[in-house]
Amino acid sequence: MKKELFALKGTICYSKNQREMIFMEDSYVVCENGVCAGVFSQLPEEYKDIPVEDMGNRLIIPGFTDLHLHAPQYAYRGTGMDLELLDWLNTITFPQEARYADLSYAKKAYSIFVDDLKHSFTTRACIFATLHRPATELLMDMLEESGLATMVGKVNMDRNGSPELQEESAKASAADTRQWLEDIKGRYDHTYPILTPRFTPSCTDELMAELGKIQMEYHVPVQSHLSENFGEIAWVKELCPTSRFYGDAYDMFGLFGTKPASNTNAAHTANNSAASTANTDSGISNDSANGINICPTIMAHCVHSTDEEIQMIKDQGVYIAHCPESNTDIASGIAPVRRYLDMGLHVGLGTDVAGGFSLSMFRAIADTIQVSKLRWRLMDQSLAPVTLEEAFYMATIGGGSFFGKVGSFEKGYEFDAMILDDHNIRHPQEISTRDRLERLVYLSDDRNLVGKYVQGRKVI
Ligand code: GUN
Ligand code: FE
């Protein structure tokens, strides 16, 4: 097979580690069969004849992973934000999501969502659909067509919904989930299923137990919500009196990351990326044969997690999707992200549309920095604000690693890249590359994105 080889030339920016970035002007990033072959200031001899697309002084950065958002909620983004979580779900979200029983509405709404996501600063995303199987499959078809790489969940909910939005029983919900996983087997290249119990208040113990079985059988990752809001946390205590804390109510059913093996094998327990585990379609194998249940898991929010819960998140390699805009809009609070970073937890960023109103991951970076400053100033001066470098890392490698080697231009990473033209952000003085990137964080809009690659595919 002929190798697909090309290079992009421009001003290249990516994370060296969680605290530092690399900026290289007039440099090349090489893509070989969808994978980065490295960044070079001069093209090495072996690449001297490959096609080079010269971007001038435009910025070339790795793609962003939106680790948590709701596709059906895009339709009403920017409205209904004077409520807290539980009232917001009941009065706005559930009636809106019920509309996706109608496939023609779903088609109209999801076309807008997918088109906007394709043209946003997102290359990868972990997405909640609704409980409706046909509309979820339609969304997956459209996302596959877009060229983005995504994980999509048919939502499970068998209690505390509304008459229009609730599955008829745990059995029916589980059967529909199995049917969904069977329907999409082998159908996609870069669209993957992810099990999606909405949150504990929406799922009976019986349903959670069924989902635990499905996870073991199909080796699919899991996404849900955790410790977002005080009312929600108190409700989980009532609904699951035997759980020690909220996260334990997922763990009881094997839906909370990778259990450390009793005979600890660090190599196994640390390797918890969904791409190294996942389902048959994405070629992921599971280590359950060795008695280790590998369940790559994303929990959105973790605003009010207790010490015990945070320790279990760490021990079991659970990913935290930090969603600062949503946490502000529906008044949930400010997650202690500095603590999570310093503990070495996996933290990515999510827009949580439509708790968040914007699809922009640059905005998620700005919000992360801003709310961390308010938390530090007003709540806890022991937790220093998050820096630009740290928030950029979370938006790239932090969330990207849930998909595998994603979010960097180092050799061996999947080739996800965005080309940014910032000439409309005018300035009379010379500025550094870092300042150009920082300005894009705060000032960018659609005009600034002029190219996008995912796994080496040109998407726009
Ligand atoms: N918890 C349960 N469902 C939802 C949802 O749709 N959005 C948010 N932000 N939290 C939730
Ligand atoms: Fe959410």
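Just flag the GluC sites (Glu not before Pro) in region 9-64 sitting in loop per DSSP whose Cβ has no more than 12 other Cβ atoms within 10 Å.
On the way: sites: E20, E25, E32, E45, E46, E53; in loops: E20.
Counting only loop positions with at most 12 other Cβ atoms within 10 Å, the GluC sites (Glu not before Pro) in region 9-64 are E20.
Projected over all directions and averaged, the alpha-carbon convex hull of the chain occupies 22.1 nm². Computed with a 1.4 Å probe over protein heavy atoms only, the accessible area of L83 comes to about 60 Å². The figure for D307 is an accessible area of roughly 100 square angstrom, using a 1.4 Å probe on the protein chains alone. Each label point was placed 7 Å from the Cα along the Cα-to-Cβ direction; for E20 and E84 their separation is 4.5 nm. Summing Lys and Arg as +1 and Asp and Glu as -1 over all other residues whose Cβ lies under 13 Å from the Cβ of V441 gives a net charge of -3.
Multiplying the residue separation of S162 and F230 by 0.36 nm and removing their Cα-Cα distance gives an extension gain of 22.3 nm.
Counting only Cβ charges, +1 for Lys and Arg and -1 for Asp and Glu, the dipole size of the chain around its Cα centre is about 520 debye.
With the simple spin-label model, which puts each label point 7 Å out from Cα in the Cβ direction, the M343 to E4 separation comes to 4.0 nm. For region 22-129, the fraction of 1.4 Å probe accessible surface lying on carbon and sulfur atoms is 46 percent.
The values are calculated or read from the model by the stated rules, or taken from the named source; none is laboratory data. Bear in mind that the values here come from a model prediction, so they are computed numbers and not experimental data. Heads up, the Cβs are rebuilt from the backbone with ideal geometry, glycines too, and the neighbour counts pull from every protein chain shown. The area values use the complete protein model at the heavy-atom level, side chains included, leaving out ligands, DNA and RNA. Shrake-Rupley method; radii C 1.70, N 1.55, O 1.52, S 1.80 Å.
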